[in-house]
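Just below is one structure, and these are the notes that go with it.
The values are calculated or read from the model by the stated rules, or taken from the named source; none is laboratory data. Remember, predicted model here, so these are calculated numbers, not experimental data. Note that each Cβ is placed from the backbone with ideal geometry, even for glycine, and that neighbours are counted across all protein chains shown.
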Amino acid sequence: MGAATASLGYRLQRVNGEFAHITGYAETELLNMNLTDILHPDESALDLKETQKLKAQLAVPRDANLEALVAEKQRLKQAVENARSERDANNGQIAGQVARQNVDFSAESLILSQKLAEGEKNKTDLTNENKAQDQNSERLKGRITALDSQIQKAKEERVSKLRFPREHSKTKATFPVLIKYNRIYPLMNPNGTRNTSTISWDSDDDYNIPTPIRDKGIDIKSNSAELANLLRGVSGEEIYFGLYVYTDSFETFKLLKEKVANSGFDFGWEPVQPGTKLRFGSHGTSPPPL
């Protein structure tokens, strides 16, 4: 069977012998060509449309708040470096003054003593100034540490703000399902009550925080009957599945989405980083669906 791999810019990157035989070109020639060079114009236009659609889906939205925090961190780092440079320059200056005064030892002892005393005074003043600059540097470092914490929190919040297709949310209710430990954890029972048999619940202000109980979820690889009962208990006309996928459970997610789609249900999904606490409130998931 002929097979080839191309970049998003249609540049051929890898071809097999059967593909070369089908196209009538040598493998070395194909690797210097674009996919559009050998496709029918109608197929090229369709591939271009799909590629542009994929690029748009992969685009990461800008987060102005996060960018502002990063910029502030860089500004404070530069302020610390400037303070250090100024201190080092002052140290070099006073050291030069003391050295020149020692070279002039042949001058009258009174003048030399006065100059040395003045140098020592300047050195003491510089030491005090250095201490003040060090204290200021420590304050700036503390601010940078606080900004690092805010940046990390902002990144975590971006991960926890899950989005699903707006066209589903306008016409159907979300049926949330967590996928973790390679098991599935519906947040609700089919009758609409909260699932407390496989999930423990905490509260934070106006939000409810679900935590999957390890080994209590539905293992759909070995217990397909329990999943079938769940799917029979809900209506695809009224709900769509919102799948929250922890990064340790993508194999289970791929199996679940196939079964959900084959049963005629719509679904949306988002990856969830380890350690993220998902929050659900009476006003829905924030921010609103895309």
Exercise. Conditions: (1) over 30 Å from Arg87 (Cβ atoms); (2) modelled with pLDDT under 80; (3) among the aromatic types (Phe, Trp, Tyr). Phe175 meets all but one. Number of the miss?
Worked result: (2)
For this session: Please find, within the range 203-225, the residue that is farthest from Thr276 (Cα to Cα) out of those that are modelled with pLDDT under 90 and in contact with a strand residue (DSSP E or B) (Cβ under 6 Å, 6 or more places away or on another chain).
Result: Asp206
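Looking only at helices (runs of 4 or more DSSP H) that lie completely in the range 14-130, which have at least 1 residues being at pLDDT below 70? Please lay out each step first, then the result.
Numbers: elements: 17-23, 27-30, 41-58, 64-103.
In the range 14-130, the matching helices (runs of 4 or more DSSP H) lie at 41-58, 64-103.
Report, by residue number, each residue of the range 117-155 that is among the small types (Gly, Ala, Ser) and either more than 30 Å from Arg100 (Cα to Cα) or outside the structural domain of Val80 (by TED's automatic domain parsing) (or both).
As a first pass, look at the range 117-155 and keep what is among the small types (Gly, Ala, Ser): 117, 119, 132, 137, 142, 146, 149, 154.
Residues satisfying the conditions are Ser137, Gly142, Ala146, Ser149, Ala154.
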For this session: Assess whether Asp219 counts as being surrounded by 14 or more Cβ atoms within 10 Å (Cβ to Cβ), in contact with a helix residue (DSSP H, G or I) (Cβ under 8 Å, 6 or more places away or on another chain) and among the acidic types (Asp, Glu).
Result: no
Problem set entry | Failed condition for Asn182, given (1) out of contact with any strand residue (DSSP E or B) (no Cβ under 7 Å at 6 or more places or on another chain); (2) within 29 Å of Lys153 (Cβ to Cβ); (3) surrounded by fewer than 13 Cβ atoms within 10 Å (Cβ to Cβ); (4) modelled with pLDDT of 90 or more | (3)
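Can you find even one residue in the range 239-259 that is on the phi > 0 side of the Ramachandran plot, modelled with pLDDT under 90 and either outside the structural domain of Lys153 (by TED's automatic domain parsing) or surrounded by fewer than 16 Cβ atoms within 10 Å (Cβ to Cβ) (or both)? Break it down stepwise before answering.
Restricting attention to the range 239-259, the residues satisfying the condition of being on the phi > 0 side of the Ramachandran plot are none.
Checked against the condition, which is being on the phi > 0 side of the Ramachandran plot, modelled with pLDDT under 90 and either outside the structural domain of Lys153 (by TED's automatic domain parsing) or surrounded by fewer than 16 Cβ atoms within 10 Å (Cβ to Cβ) (or both), the range 239-259 yields no hits at all.
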